[in-house]
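The values are calculated or read from the model by the stated rules, or taken from the named source; none is laboratory data. Computed from a predicted structure; not experimentally measured. No Cβ is skipped: glycine too gets one built from the backbone with ideal geometry, and neighbour counts run over all protein chains shown.
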């Protein structure tokens, strides 16, 4: 297990689908910053399932509790303990899964790694694990917004073959994202995505998609070459989120098909600093932010749990047909939007503090 | 700076383009393993520029020296100091660059981060930094091969628009890769790539590309959820390599366009263990290896240094035309093959040791 | 803040005197180990104040709750969340302290470090912080006992000038220690210590003392030179405990007055391994355990909070007379015994896992 | 192995007695600081053996080379590679030691830990390992002196039973310390110590001693509760130095014999800040520096290598008589003075940078 992330702004998460609770400890959050539970609850609510027919209908009214590190709504500089109780456990739903490792899920690998695994649900590999990330990252977001004016906005830019048109990265807002439950800011595309997700649900199948994220107002100078470059830590953060398969920064894979003369971002004078006239670099050069917007894309595979019958084998190697019962999302991408945002915040919050050592 | 990578198999690199030397310290390498300088030199030679007309013709005959940690060709378990002298410095070539931050290079961001930067060449952001990775990773490769039979093979699967056909991941070898200087195992594609790179050189321009890497014989159980999942550490490792813009594991971005019923890898019985009949997961499920081959792709942008004239501004914001002189690669992808392999080895070597704590 | 300790067996603690709770997250505990709340509660009860007239009479019936990482009384290998609610807060008692930094307490330094501090009680510098250590360390103790048969026993070897006679380190037990509330295994000395502590309480004063700790059945080979030598990590662990002023391993400071010919521990054959006929090394040589009992001593200063009038200044520099009200221990050493033991367990548990990487 | 120390000002050392060289990589040193090899050489020279008859007469003219991270005598913010060649190896001298683990040395424990050990000399457990600490710590000293005016001065306060009288911690200088080869600032005591060491050498025996160290001008606010408290990191640093057996901060073990009313340091107004009228705390309260001088003492045992005959057993358990040949110090304490200073600098340099994150 490695449940700690960050060098100075440091989060340790705990909890699985069916214990008493999930949560996090945030160590290194700057002192004397205003912080309330409602600052955190906002992102937790956006992550919650049951927000619409698009996702599972479990009514987990997750509420975060601050256990320590804050007094009279000010951070003390001491570790901030955070907890969300597990309420709606229904262990019975999953009882039949035990002897059969679900294809492309983590049952088999957890068993091989630990020699034991949670008997019910996904255990630590459940999506519920991400609550710890979200409550911690919401604190990082607040720090970044208050001190630097950083804005982090993510949205669903693709569901299966349905791709959203480009958005203006300089102006897109969370309000515009949240205007539709599928969290795609283009209304027409959002309608198509929604219909497609309903279709997949009816087919007892699941769908993948892509989330794009932009981070604005990040000062130049963040990122720690050579191993903790800004894009390297973002890549680690994103690929640590369940169900992710890919990450690209700036021009990404499509940038491999350009010539240097097309790909280079020329410098121009912007106010008192230098900026670039294009931004194929995605706001990061040599592993260090350059003051331009950071943007990246994250690929999410279709969820492994599907109601459709699957031919597979049990742990003993016997042929079986598996049909998942219980509740499961046909497409996790809309709910993953706040997870991507808060993980980006954890990365940037840590890099911000690390850069302070050079002042 | 963050020049240390790994928790147990741990490398710290140092050195830049124009100091006395570059190198690494490997701490945590298992004791009593055979190790000679020639074990390491092999990958260093493959990384070296000047192997063909495809790359810069600097004759850096880099030779690695083991400074410590090895006696009578056996590792002692103590830190292994490694050094490669810088020989061919030619600082003059770069003198004119100083007041102008090269577009999409790291001059501007290093200056903003540190308030100072190497006056000559790329300093720590130079490709020469990767020598430390390669000499350290070559040791990890040896450990993985000897103890687990792990085989790591990377190749150039795309240069600009030229894509190689699929290769058999179970059988592809380094010998087949090295059969052409462009390191693409398909002869016809290799010829096209070579011609294209020569064309870019003639245009004083540069080209990007994609490297695919497969890691075979990795046992099930490696990877440390939730933040140090195997794919998360691979993503960090690859995005820390200069000029990279994207990473995808298994099905990657194309996997987002499949349904769950298509994407799931059904389990089947293989000898005494379970395997999967397809491998869209790329050998990792829930962040933990499952015993199937790990494969991933890394996107490299076209190098920022080009001879072609570029309109940009100097540090003071004055308009200038920049034309790079000196030596520079039109396409770094062929030389980056051993870098990708050795970085993968550093990730896997560390995860191997971390999994041992559970035996 | 740095609230995480350990590389592989890793604890992160949180909580202060007057928030909702204190606790810890244990990451890296080996999977499939039996663990119940009562395993942990034992040491928590030994740490609890109000066990006798020797300590403060706050009736904090601290109860630990396991939040995650354990199912059906087996560890899953996932992070173990642990929480103890704060019940008896009485913030009023401390209200008057605010403008006056208590001498030799942490009020002034926390204010200088964080620019803010908990308004009530000691905040994170309160003895209540040690609960997180104890609940985490109790798990490490269980692991060490089950897998290696390690026994860790600490006792009060001095209170002020009253020193206990030597005990047999090979046979001393926790039962013998707990026979007296002052936790000194020698009855006569215990009686003198108790009387002295009562005297200090009557004087509204406080007393220091020394705890000695032995760790038996630790295999040879634990400890990570050069910076994480076994004695170095023990020293860090012990000096991180509130109110400690010194640490010595084996012969300690008195060893400086011996000649090498007197201090060296000659090797002798013991069963199938080598042992030493004396043990001035304290079970550690070159930073690595040698199989002999580890023993060390920890100095605790007299608690800073005393009822006696003290001449000091407030934060503005004005002269004031301070007389502490509220509840406070005249001597913390008896209660610190389980803290020393559990911190030793955290060190050894981590070193045990680190040594496994070499098998 | 754990050869890396520090979170932000971070050193990784390498090298043993008989390889090609020893050295260190310093990562995180602030950029744009003046630094030359002679800044470092000063402490290296003070550490060198053969400075007088008091120590071994090996003429190791150790010269440090900066390999990277510095250009035109300014630090770049990139890792600083440092190397010192091993010149005077004489492997033959130690050949006879092989089958016999030297009592209270690390031969046995290295063999048990790694299953292999350096055939010649002490390998990584040799005093030569400390060169990496000294060259790295000398850089930390320079940083601390330039930016904060920190002064670190250590001296020999005891050799065996010979104790030096108290010195004025506010004024003692390195020049005063170095006035005698034994590095005790009191002339009379120094003479007695010198005579005693000569006596021990004549007896083919060895002697221990105590080093006291003071760190002046350290600002209030450094130290990272709860596990990386300033005294905890100092304790770890000191107990990681070869041959150390104890550490005490401020009043130390003698503080356990005082009452709280005697031990507390009353606050007083000093210029614009608060200070304390006494300093039994040793400059640290609650794990955080308070602006008063930090002082601590470190116990060194008598060196294990002695010429006197010792009864012991070989690795097979057979009785043998061991008489060390070759070169060895009868008392390492004088040479350990710069090691203590530079280790203190590594601790403080790291804590300084960590505190900057709160500005």
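Here residue D:22 meets the list (1) within 14 Å of chain C (Cβ to nearest Cβ); (2) assigned to a loop (DSSP other than H, G, I, E, B); (3) modelled with pLDDT of 95 or more almost entirely, failing just condition (2). Of the strands (runs of 3 or more DSSP E) contained entirely in the range A:280-359, those carrying at least 2 residues that are within 10 Å of chain B (Cβ to nearest Cβ), crowded, with 20+ Cβ neighbours inside 10 Å and within 21 Å of the chain's Cα centre (by Cα) fall at A:294-300. Against the criterion of being without any contact (Cβ under 8 Å) to a residue 60 or more places away in the chain and in contact with a helix residue (DSSP H, G or I) (Cβ under 8 Å, 6 or more places away or on another chain), residue A:259 qualifies.
For the structure I just gave you, tell me whether residue A:247 is in contact with a strand residue (DSSP E or B) (Cβ under 7 Å, 6 or more places away or on another chain), assigned to a helix (DSSP H, G or I) and facing another protein chain (nearest Cβ under 7 Å). Answer is no for this residue. As a summary of the residue check, residue A:225 satisfies the conditions (1) within 7 Å of chain B (Cβ to nearest Cβ); (2) surrounded by fewer than 22 Cβ atoms within 10 Å (Cβ to Cβ) except for the one numbered (2).
Of A:267, A:296, which residue is closer than 30 Å to residue B:205 by Cβ and free of Cβ contacts under 8 Å to residues at least 12 places away in the same chain?
Values: A:296 fails: free of Cβ contacts under 8 Å to residues at least 12 places away in the same chain.
Exactly one residue qualifies, and that residue is A:267.
Answer yes or no: is there a residue in the range B:75-84 that is in a loop (DSSP other than H, G, I, E, B), within 30 Å of residue B:119 (Cβ to Cβ) and modelled with pLDDT of 95 or more.
Within the range B:75-84, none of the residues are in a loop (DSSP other than H, G, I, E, B), within 30 Å of residue B:119 (Cβ to Cβ) and modelled with pLDDT of 95 or more.
The lone criterion from (1) at positive phi; (2) free of Cβ contacts under 8 Å to residues at least 12 places away in the same chain left unmet by residue D:166 is number (1). Selection within the range B:1-15: residues that are over 23 Å from residue B:355 (Cβ atoms) and modelled with pLDDT of 95 or more. The member of this set that is farthest from the other protein chains (Cβ to nearest Cβ) is B:13. Applying the selection to the range C:3-19, what residues are in a strand (DSSP E or B) and surrounded by fewer than 24 Cβ atoms within 10 Å (Cβ to Cβ)? Hit for the range C:3-19 is C:4, nothing else. It is to be established whether one or more residues within the range A:156-164 are over 30 Å from residue B:261 (Cα atoms), modelled with pLDDT of 95 or more, buried (at least 22 other Cβ atoms within 10 Å of the Cβ) and in contact with a helix residue (DSSP H, G or I) (Cβ under 8 Å, 6 or more places away or on another chain). Among the residues of the range A:156-164, not one is over 30 Å from residue B:261 (Cα atoms), modelled with pLDDT of 95 or more, buried (at least 22 other Cβ atoms within 10 Å of the Cβ) and in contact with a helix residue (DSSP H, G or I) (Cβ under 8 Å, 6 or more places away or on another chain), which makes the answer no. Where residues in the range C:228-254 are surrounded by fewer than 24 Cβ atoms within 10 Å (Cβ to Cβ) and without any contact (Cβ under 8 Å) to a residue 40 or more places away in the chain, which of them is nearest to residue D:234 (Cα to Cα)? Residue satisfying both the conditions and the ranking: C:253. Filtering the range D:250-279 to residues that are more than 7 Å from chain C (Cβ to nearest Cβ), in a loop (DSSP other than H, G, I, E, B) and over 21 Å from residue D:158 (Cβ atoms) leaves D:271, D:272, D:277, D:278. Name the single residue, out of those in the range B:177-188 being buried (at least 18 other Cβ atoms within 10 Å of the Cβ) and over 17 Å from the mean Cα position of the chain (by Cα), that is nearest to residue B:216 (Cα to Cα). Out of the qualifying residues, it is B:185.
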